[in-house]
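Handing you a structure now.
The values are calculated or read from the model by the stated rules, or taken from the named source; none is laboratory data. Keep in mind it's a predicted model, so treat the numbers as computed, not measured. FYI the Cβ positions are ideal-geometry reconstructions off the backbone, even for glycines, and counts take in every protein chain you see.
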């Protein structure tokens, strides 16, 4: 029997987790790019991001959902998280045997006992707090300053509040202690300044950079997809070499 070339199905599934205020839709351009390259992916809407009047769910609700969805995937998974999604994934992916690698995109790679608000020190000036509801002052300036105007306007129209307590709940476990990780820093990020990302990125095994604002998934989806493929491919090759 001849040696078969690697099939698409042997690649890990890419599981995408969005950040605060955004939704699964924010990954659409990246997922479309990766699909054209033969990569399978899944995503999910976090329940802590919801319209006013909805039940206010928070971090551990997000983590429970993400953990359940990842466990349902047959075969290896690489998890990609943006911003607040990094907090969720760090809690959710711990101990899951099918998770091979974590990719944080300008994300909060927190440790046990830390919360998002705790590591930032204080609420940023652009936070608008109303009870347990958190929204953003001028999201175009904070998040989307380098995103094409039409895309930015559509994104702003789809933003939803985040439950404030999602930013104060502390992690009880941290997946990156046992699962290798890559941190993709956004050098022009106005939401999480590069110095803050640098503090978080020191916890990752690998660090890459993009010359983008906080949403490279909208401003430069193809370049971000390149880095995701690089990390996912490296994980697959490493596993194969261990089998030789």
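Test residue 205 against the stated conditions and say whether it is within 21 Å of residue 78 (Cβ to Cβ), modelled with pLDDT of 95 or more and surrounded by 20 or more Cβ atoms within 10 Å (Cβ to Cβ). Give the steps one after another, and end with the answer.
On the way: within 21 Å of residue 78 (Cβ to Cβ): yes; modelled with pLDDT of 95 or more: yes; surrounded by 20 or more Cβ atoms within 10 Å (Cβ to Cβ): no.
Considered against the rule, which asks whether it is within 21 Å of residue 78 (Cβ to Cβ), modelled with pLDDT of 95 or more and surrounded by 20 or more Cβ atoms within 10 Å (Cβ to Cβ), residue 205 comes out as no.
Continuing with the same structure: Any residue at all in the range 219-234 that is out of contact with any helix residue (DSSP H, G or I) (no Cβ under 7 Å at 6 or more places or on another chain), at pLDDT 95 or above and assigned to a loop (DSSP other than H, G, I, E, B)?
yes
Can you name the residue in the range 46-78 that is surrounded by fewer than 16 Cβ atoms within 10 Å (Cβ to Cβ) and either closer than 19 Å to residue 174 by Cα or free of Cβ contacts under 8 Å to residues at least 60 places away in the same chain (or both) and, of all such residues, is farthest from the chain's Cα centre (by Cα)?
We begin by selecting, within the range 46-78, every residue surrounded by fewer than 16 Cβ atoms within 10 Å (Cβ to Cβ); these are 51-55, 64, 68, 71-72, 74-75.
If we keep only those that are either closer than 19 Å to residue 174 by Cα or free of Cβ contacts under 8 Å to residues at least 60 places away in the same chain (or both) too, we end up with 53-55, 64, 68, 71-72, 74.
Numbers: 53: 26, 54: 23, 55: 23, 64: 16, 68: 17, 71: 18, 72: 19, 74: 21 Å.
Out of the qualifying residues, it is 53.
Here are the criteria: (1) under 18 Å from residue 204 (Cα atoms); (2) over 13 Å from the mean Cα position of the chain (by Cα). Tell me which single one residue 83 does not satisfy.
(2)
What helices (runs of 4 or more DSSP H) completely inside the range 1-118 contain at least 2 residues that are touching a helix residue (DSSP H, G or I) at 6+ places or on another chain (Cβ under 7 Å), under 21 Å from residue 154 (Cβ atoms) and modelled with pLDDT of 95 or more? Talk me through it step by step, then tell me what you get.
Details: elements: 28-36, 59-71, 85-92.
Correct list: 28-36.
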